[in-house]
Protein chains: 4
Amino acid sequence: MAINNIQALFAESLNELELTDKQKAVLRASLTLFSEKGFNNTSTSDIAQMAGVSEGTVYKQFKTKEGILAAIIGPFIQRVVPKAAHEFTEAVITPPYPDFSRFLETVIKNRMDFAVDNMPQLRIVLQEAITNQEMLTGLGHLLDNLISGPLGTAFRHYQRSGELIKWPLIRIARYLVTTVMGYVLPAALANQPINTNQASKEAAEFLIRGLTP
Amino acid sequence: MAINNIQALFAESLNELELTDKQKAVLRASLTLFSEKGFNNTSTSDIAQMAGVSEGTVYKQFKTKEGILAAIIGPFIQRVVPKAAHEFTEAVITPPYPDFSRFLETVIKNRMDFAVDNMPQLRIVLQEAITNQEMLTGLGHLLDNLISGPLGTAFRHYQRSGELIKWPLIRIARYLVTTVMGYVLPAALANQPINTNQASKEAAEFLIRGLTP
Amino acid sequence: MAINNIQALFAESLNELELTDKQKAVLRASLTLFSEKGFNNTSTSDIAQMAGVSEGTVYKQFKTKEGILAAIIGPFIQRVVPKAAHEFTEAVITPPYPDFSRFLETVIKNRMDFAVDNMPQLRIVLQEAITNQEMLTGLGHLLDNLISGPLGTAFRHYQRSGELIKWPLIRIARYLVTTVMGYVLPAALANQPINTNQASKEAAEFLIRGLTP
Amino acid sequence: MAINNIQALFAESLNELELTDKQKAVLRASLTLFSEKGFNNTSTSDIAQMAGVSEGTVYKQFKTKEGILAAIIGPFIQRVVPKAAHEFTEAVITPPYPDFSRFLETVIKNRMDFAVDNMPQLRIVLQEAITNQEMLTGLGHLLDNLISGPLGTAFRHYQRSGELIKWPLIRIARYLVTTVMGYVLPAALANQPINTNQASKEAAEFLIRGLTP
DNA sequence: AATGAATGAGGATTCATTCAT
DNA sequence: TATGAATGAATCCTCATTCAT
């Protein structure tokens, strides 16, 4: 069973950082608050309070407030996403999917579940991406890596088999990402649940129509 | 030629507010700074400095910093978008478009140009929408209005003529918005230009494939 | 008929200052606002607004906000009170009162009416007296003047006639002022009306008991 | 020996609030400054400076400047005055006073000492009472409580024994308060000392005359 | 004389951060 | 390690005052 939840992976990285329970509580509280109110609207005293910890403790491990943000987002971007991508690759490649349609549906379901399971982080990343160019660049690279990596391989495979239109991969990826986001973002922003089963089926249906030659 | 630029329409509303040159400078500076650094990371002294004005002047017309935000976003949401929607309606309805393909391309080009022409506002709205539920709701209503208004009419027309798939309008609208956003958002976030001619052609091509029965 | 109303006398001094209608309106508004909210809690823009005047006009005649206060309180202390005292003297001396009791009642009624007619000024003076030593000194001098003036003459007269206890005049004056204030101050502070007829009768009754040998 | 000093009782309540030395210094400085210059004319930076503390510390315990005022005045009104009243009751009731004259003298001395010992608070309350209706109401209730409480009991006792005139208690209380205030207020306002021994004797002498049948 | 836009110093308040215990 | 008191710079905002028109 694949771990499709950053919280779980996150816990690992936190352990590697040798965090005490209180410091982990700080991160958990920060995750919640940053996600709900935004980084700027969250004070370190808010964090301390929600974590049931003194303000001093907040600064023991993480030198600055931005340090906390980095400790939350860093793993998400630098370690967790690629790791998840790797799992995703395996899930995709290992059992060769019968056709593009099934493949697409699986990919979409996979990513939607991922998003749903990590909404708080997603919200934080969204917020920061708008004003933080560095993060934006990072996100761009992620997409590039996906295309030049396992996803690209799969795409080319289906293009050769005539099931996928012969547009540049980047264009295909854009529609894929974009369509998934069309379901995920509204839910993330409004903090509402999604039925990922139905949503992924719908999205796949549309994408198949749009991307089949 | 329709005015497809909020700055222009915005100027009108500003004039109606009877703002002095300095007060307009305050709004211009705020627009720029909010867009670049975010509302929270922009101080009123930043604004005053960029506007070449004293801090007192910043507060003469707009009672609070949030008031400035409202003065920027309000017209965007409450007056300009509907107005733009109206123009867009005319553009759509008046000369009955030969086919759905042309219609779609026009709509998309129209909205992309609109977005490109108002990137700073778009960025600000995006930022705020994440933490401000009120704004989020407002945006939702906008979409509803479009569907129950002119856009919905057009959609139903093309559904009857057999050129548009008979999905719920809200689903069709989602893919439309989503696909356009797929081009606009990256540009907005990275502050990069788009070639709206090519982008709208590409987007329309994909959407036609996905939405034709 | 004696003018027992500072507003009326005030009007004169204002005329002598050659104030325009608007500037008078400034003083009237200031009187009201200072009395209700206090000097510190009244902004010059409050004044301008209530006076129906621009902020600039507020400063045309009165160089500073304190200048307005002075223009209100000055006449009260420096000109109006002595003037009223003079009238009061006449009322007292001219028709030699049959006995101390009647005299006292008249004096008290006279002063209570005066206070009631000028409550706003009274409130302002009270406020300022607490933090403004200068004003406090001024008030002290007023009392001295009364005693060394007409009131003292009358007191000595009734002491000689055996109707008034032979305490130092300052002590007698203290009880007089104090007892009147006991009726006036609560009303002034709570902005409530007094029945000066009954109040002065009560006060006189008590004072007669306390001050008759 | 009864504690007749709010500063002392105040110290208790402060301890209960678990204030640090610096925070107590903030209250002490505030007491002094509010009393001398008035609440409005005292800035939080004034307080910080006099307390030898940073401005941040001023706000650690008391969330707002008004909070400091409340922390000074609250105990005075809500806890200390009733407590003092209780002590005063005992002092009055326990050893049945030989006559009304002695009773009165004791009461007056007691209250005058109380006032003298707490002049700063008295000044602050006076200032605020003028513009703050809430406080005014509170003061009114205090008087009511006194009359319906121990003081009223004593008054009725002496009325029955024929030593106190049979006026309504509220009227008698007015003259009592008023006469004491006649000695206390000028001293409080001018920040001058009183000889409470002589003053209370004088005041009692006058009141006895005025209130004996 | 009157306006009202503009000023900028100052005020209350917040908050990330430090440090002695 | 954890605490939480303390800091002080920074922030939003107010307001008395000035001045060009």
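The values are calculated or read from the model by the stated rules, or taken from the named source; none is laboratory data. This is a predicted model, so every value here is computed, not measured. Note that each Cβ is placed from the backbone with ideal geometry, even for glycine, and that neighbours are counted across all protein chains shown. Side chains included, ligands, DNA and RNA excluded: accessible areas come from the protein's heavy atoms. Shrake-Rupley method; radii C 1.70, N 1.55, O 1.52, S 1.80 Å.
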Would it be correct to say that A:Gly162 is farther than 30 Å from A:Gly38 by Cα, open to solvent by less than 30 Å² (accessible area, probe 1.4 Å) and not aliphatic (A, V, I, L, M)?
-> no
Positions within segment B:49-67 being touching a Ser or Thr at 6+ places or on another chain (Cβ under 9 Å) and either within 14 Å of chain A (Cβ to nearest Cβ) or surrounded by 21 or more Cβ atoms within 10 Å (Cβ to Cβ) (or both), in sequence order = B:Ala51, B:Val58, B:Phe62, B:Lys65
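So, in segment B:99-109, exactly how many residues are open to solvent by 20 Å² or more (accessible area, probe 1.4 Å) and not charged (D, E, K, R)? Don't jump to the end; show me each part of the working.
Here is the first cut: in segment B:99-109, the residues open to solvent by 20 Å² or more (accessible area, probe 1.4 Å) are B:99, B:101-102, B:105-106, B:109.
Subsequent filtering for residues that are not charged (D, E, K, R) retains B:101, B:106.
Number of matching residues: 2.
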What is the number of the single condition among (1) open to solvent by less than 60 Å² (accessible area, probe 1.4 Å); (2) within 13 Å of DNA strand F (Cβ to nearest atom) that C:Ile77 does not meet?
-> (2)
Restricting attention to segment B:53-63, does a residue exist that is modelled with pLDDT of 95 or more and either outside any helix (DSSP H, G or I) or away from DNA strand E (no atom under 12 Å from the Cβ) (or both)?
-> yes
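Sort out which residues of segment A:188-204 are open to solvent by 10 Å² or more (accessible area, probe 1.4 Å) and more than 9 Å from chain B (Cβ to nearest Cβ), and write them in order of number. Full working, then the answer.
If we filter segment A:188-204 for residues that are open to solvent by 10 Å² or more (accessible area, probe 1.4 Å), which is where we start, we get A:189-198, A:201-202.
Within segment A:188-204, A:Gln192, A:Pro193, A:Ile194, A:Asn195, A:Thr196, A:Asn197, A:Gln198, A:Lys201 meet the criteria.
Mind telling me which of the residues B:Ile68, B:Ile72, B:Ile124 ends up being assigned to a helix (DSSP H, G or I), at pLDDT 90 or above, within 16 Å of DNA strand E (Cβ to nearest atom) and not hydroxyl-bearing (Ser, Thr, Tyr)? Break it down stepwise before answering.
Working: B:Ile72 fails: within 16 Å of DNA strand E (Cβ to nearest atom); B:Ile124 fails: within 16 Å of DNA strand E (Cβ to nearest atom).
Just one listed residue meets the conditions, B:Ile68.
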Is it the case that some residue within segment A:163-186 is in contact with an Asp or Glu (Cβ under 7 Å, 6 or more places away or on another chain), more than 10 Å from every other protein chain (Cβ to nearest Cβ) and assigned to a helix (DSSP H, G or I)?
-> no
Selection count, segment D:135-152, where residues are open to solvent by 70 Å² or more (accessible area, probe 1.4 Å) and either more than 21 Å from the chain's Cα centre (by Cα) or within 12 Å of chain C (Cβ to nearest Cβ) (or both) = 1
Sort out which residues of segment D:16-45 are in contact with a Lys or Arg (Cβ under 8 Å, 6 or more places away or on another chain) and near DNA strand E (Cβ under 8 Å from one of its atoms), and write them in order of number.
-> D:Thr44
Segment D:110-134 - residue that is within 14 Å of chain C (Cβ to nearest Cβ) and open to solvent by 60 Å² or more (accessible area, probe 1.4 Å) and, of those, nearest to C:Ala190 (Cα to Cα) | D:Gln133
